[in-house]
Amino acid sequence: MTTKFDELLGRFHAYLACVDNALVRDAVARIGWDMPARALQPHGISCVRHLDRASELAPPAAKPLVQWLAGHRNGLHWGQTYTEADFGKVFIDNYGWVEVFGTRGHFANDEVAAGLLILGPNVVYPDHHHVAEEIYIPLTGGTEWRMGEGGFRVREVGEVVHHASNVSHTMRTGNEPLLALYIWRGGPLAQKSTITGTAMQGRS
């Protein structure tokens, strides 16, 4: 039976298929896209309010996906890896993700997880690392990213950001929210990241 989540998976796949990057092409080719749907109850969180602005900022190739996400936000199972006790209320009110497929997503996949991350404006996602390799594609611009011992630099919309296994990384948003597509593979797909920074790092 076809559901609204099949449309989500289709738009997610369609966007990835148009990304001109060897790493992304390899990841997409290795994914078995005929995945069984998983019954998940809707679960809302505060940060989905940023989807309206993200819909305005998204590039043409990503607009079908982002507009669908904004329009169906209340029917999705949104998650948060951390709690207010970890990073405070401001961070938690501006952070969350939806897993399209994976070990806990709307579609079941034990080999790879993928979805979308939201960070509100003027938020620091502290230095963290995890075993799984991670591919990010920002669908909104203006966010600064740092990896390893390097400095912060702004990543453009559609620019592929690759974090190898256990490489520390952080993100710092500016005046606009971040909506980023992510793919996790090659490690525990629901592992909680190891945090080495704080939610105030990098702020002046």
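General remarks:
- Number of residues in the stretch 134-167 that are touching a Phe, Trp or Tyr at 6+ places or on another chain (Cβ under 7 Å) and of a type in the set (D, E, K, R): the value is 5.
- Considering the stretch 22-46, the residues that are in a helix (DSSP H, G or I) and basic (Lys, Arg) include one that is least open to solvent (accessible area, probe 1.4 Å), namely ARG25.
- Close contacts from the stretch 57-68, counting a first residue that is closer than 20 Å to ASN175 by Cα and a second that is of a type in the set (Ser, Thr, Tyr), with Cβ to Cβ under 8 Å and a gap of 6+ residues or different chains, come to LEU57/THR140; ALA58/THR140; VAL66/SER55.
- Against the numbered list (1) over 19 Å from TYR182 (Cα atoms); (2) open to solvent by 30 Å² or more (accessible area, probe 1.4 Å), CYS18 comes up short only at (1).
- Residue pairs whose Cβ atoms lie under 7 Å apart, separated by 6 or more positions or on different chains, with the first residue in the stretch 25-49 and at positive phi and the second open to solvent by 60 Å² or more (accessible area, probe 1.4 Å), do not occur.
- Any hit, the stretch 103-126, residues being within 15 Å of the chain's Cα centre (by Cα) and basic (Lys, Arg): yes
- Just one of (1) farther than 23 Å from HIS162 by Cα; (2) of a type in the set (Gly, Ala, Ser); (3) in contact with a helix residue (DSSP H, G or I) (Cβ under 8 Å, 6 or more places away or on another chain) fails for ALA58. It is (1).
- Condition check for ALA54: surrounded by fewer than 19 Cβ atoms within 10 Å (Cβ to Cβ) and of a type in the set (A, V, I, L, M, F, W, C): no
- For the stretch 59-173, the strands (runs of 3 or more DSSP E) that sit wholly inside it and include 2 or more residues that are open to solvent by less than 30 Å² (accessible area, probe 1.4 Å) are 95-102, 112-119, 124-129, 133-138, 161-163, 169-172.
- ARG11 vs. criteria among the charged types (D, E, K, R), open to solvent by 60 Å² or more (accessible area, probe 1.4 Å) and either farther than 13 Å from ALA114 by Cβ or part of a loop (DSSP other than H, G, I, E, B) (or both): no
- Within the stretch 174-195, being at pLDDT 85 or above and part of a strand (DSSP E or B) holds for LEU178, LEU179, ALA180, LEU181, TYR182, ILE183, TRP184.
The values are calculated or read from the model by the stated rules, or taken from the named source; none is laboratory data. Quick caveat, the model's predicted, so the values are computed rather than measured. Note that each Cβ is placed from the backbone with ideal geometry, even for glycine, and that neighbours are counted across all protein chains shown. Accessible surface is based on the protein model in full, side chains and every heavy atom, while ligands, DNA and RNA are left aside. Shrake-Rupley method; radii C 1.70, N 1.55, O 1.52, S 1.80 Å.
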